[in-house]
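Participant: Please find one structure pasted underneath; my questions will follow.
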Amino acid sequence: MLAAVGRHPWRPAHTHFMVTADGFRRVITHVFVAGDEYLASDAVFGVKQSLIIPFERVDSADEMWRADFDFVLCATGEAKG
């Protein structure tokens, strides 16, 4: 089916997150590596500009990378205590 519509099955490089905190709604999301060749043609159309961030190699380590991203949580509105 993908071949018939001229698409590929590849996803851009990304990392998944599930962020939780008491009194806040859980966030499940992913962030994409800036510059990946598949950002404009993601097989599942999951890329948003706000989720694309630069990843930088840490101290020349081959397998250690760093990326900065702010997660925003919404309060549940439920009183705890």
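Participant: Is one or more of the residues making up the stretch 44-53 surrounded by 11 or more Cβ atoms within 10 Å (Cβ to Cβ) and either at pLDDT below 95 or over 29 Å from LEU2 (Cβ atoms) (or both)?
Facilitator: Scanning the stretch 44-53, I find at least one residue that is surrounded by 11 or more Cβ atoms within 10 Å (Cβ to Cβ) and either at pLDDT below 95 or over 29 Å from LEU2 (Cβ atoms) (or both), so the answer is yes.
Participant: Out of all the residues in the stretch 67-81, which are over 12 Å from the mean Cα position of the chain (by Cα) and modelled with pLDDT of 90 or more?
Facilitator: Our first condition is that a residue be over 12 Å from the mean Cα position of the chain (by Cα); within the stretch 67-81, this holds for 72-81.
VAL72, LEU73, CYS74, ALA75, THR76 - these are the residues of the stretch 67-81 that are over 12 Å from the mean Cα position of the chain (by Cα) and modelled with pLDDT of 90 or more.
Participant: Report every pair of residues separated by at least 6 positions or lying on different chains whose Cβ atoms are under 9 Å apart, first residue within the stretch 23-43 and within 18 Å of THR76 (Cβ to Cβ) and outside any loop (DSSP other than H, G, I, E, B), second hydroxyl-bearing (Ser, Thr, Tyr) and at pLDDT 95 or above.
Facilitator: So the pair list comes out as VAL27/THR20.
Participant: Determine whether ASP59 is among the charged types (D, E, K, R) and in contact with a Lys or Arg (Cβ under 8 Å, 6 or more places away or on another chain).
Facilitator: No: the conditions fail for ASP59.
Participant: When you look at ASP42, is it over 19 Å from the mean Cα position of the chain (by Cα) and among the acidic types (Asp, Glu), yes or no? Spell out how you get there, then give the answer.
Facilitator: Working: over 19 Å from the mean Cα position of the chain (by Cα): no; among the acidic types (Asp, Glu): yes.
No; evaluated as a whole, the condition is false for this residue.
Participant: So, one more: Determine whether GLY77 is surrounded by 10 or more Cβ atoms within 10 Å (Cβ to Cβ) and in a loop (DSSP other than H, G, I, E, B). Explain how you work it out, then say what you get.
Facilitator: Numbers: surrounded by 10 or more Cβ atoms within 10 Å (Cβ to Cβ): no; in a loop (DSSP other than H, G, I, E, B): yes.
When the stated conditions are applied, GLY77 does not pass them.
Participant: Just checking, does the stretch 54-66 include any residue being under 19 Å from the mean Cα position of the chain (by Cα), surrounded by 10 or more Cβ atoms within 10 Å (Cβ to Cβ) and under 28 Å from GLY23 (Cα atoms)?
Facilitator: The answer is no, given that none of the residues of the stretch 54-66 is under 19 Å from the mean Cα position of the chain (by Cα), surrounded by 10 or more Cβ atoms within 10 Å (Cβ to Cβ) and under 28 Å from GLY23 (Cα atoms).
Participant: Does the stretch 11-22 hold any residues that are part of a loop (DSSP other than H, G, I, E, B) and of a type in the set (Ser, Thr, Tyr), and which are they? Outline the logic, then answer.
Facilitator: Taking the stretch 11-22 as the starting set, the residues that turn out to be part of a loop (DSSP other than H, G, I, E, B) are 11-13, 20-22.
Once the filter is applied, which keeps residues that are part of a loop (DSSP other than H, G, I, E, B) and of a type in the set (Ser, Thr, Tyr), the stretch 11-22 yields only THR20.
Participant: Test each condition in (1) in contact with a strand residue (DSSP E or B) (Cβ under 8 Å, 6 or more places away or on another chain); (2) loosely packed, with under 11 Cβ neighbours inside 10 Å; (3) small (Gly, Ala, Ser) for GLY23 and report the one that comes out false.
Facilitator: (2)
Participant: So how many residues does the stretch 1-43 have that are farther than 15 Å from PHE69 by Cβ and either out of contact with any Lys or Arg (no Cβ under 7 Å at 6 or more places or on another chain) or not aliphatic (A, V, I, L, M) (or both)? If you could, list the steps in order and put the result at the bottom.
Facilitator: Step one: list which residues in the stretch 1-43 are farther than 15 Å from PHE69 by Cβ, which gives 1-12, 20-26, 35-43.
Then keep just the ones that are either out of contact with any Lys or Arg (no Cβ under 7 Å at 6 or more places or on another chain) or not aliphatic (A, V, I, L, M) (or both); that gives 1-12, 20-26, 35-42.
Residues flagged as farther than 15 Å from PHE69 by Cβ and either out of contact with any Lys or Arg (no Cβ under 7 Å at 6 or more places or on another chain) or not aliphatic (A, V, I, L, M) (or both) within the stretch 1-43 amount to 27.
The values are calculated or read from the model by the stated rules, or taken from the named source; none is laboratory data. Keep in mind the model is a prediction, meaning the values are calculated, not measured. Heads up, the Cβs are rebuilt from the backbone with ideal geometry, glycines too, and the neighbour counts pull from every protein chain shown.
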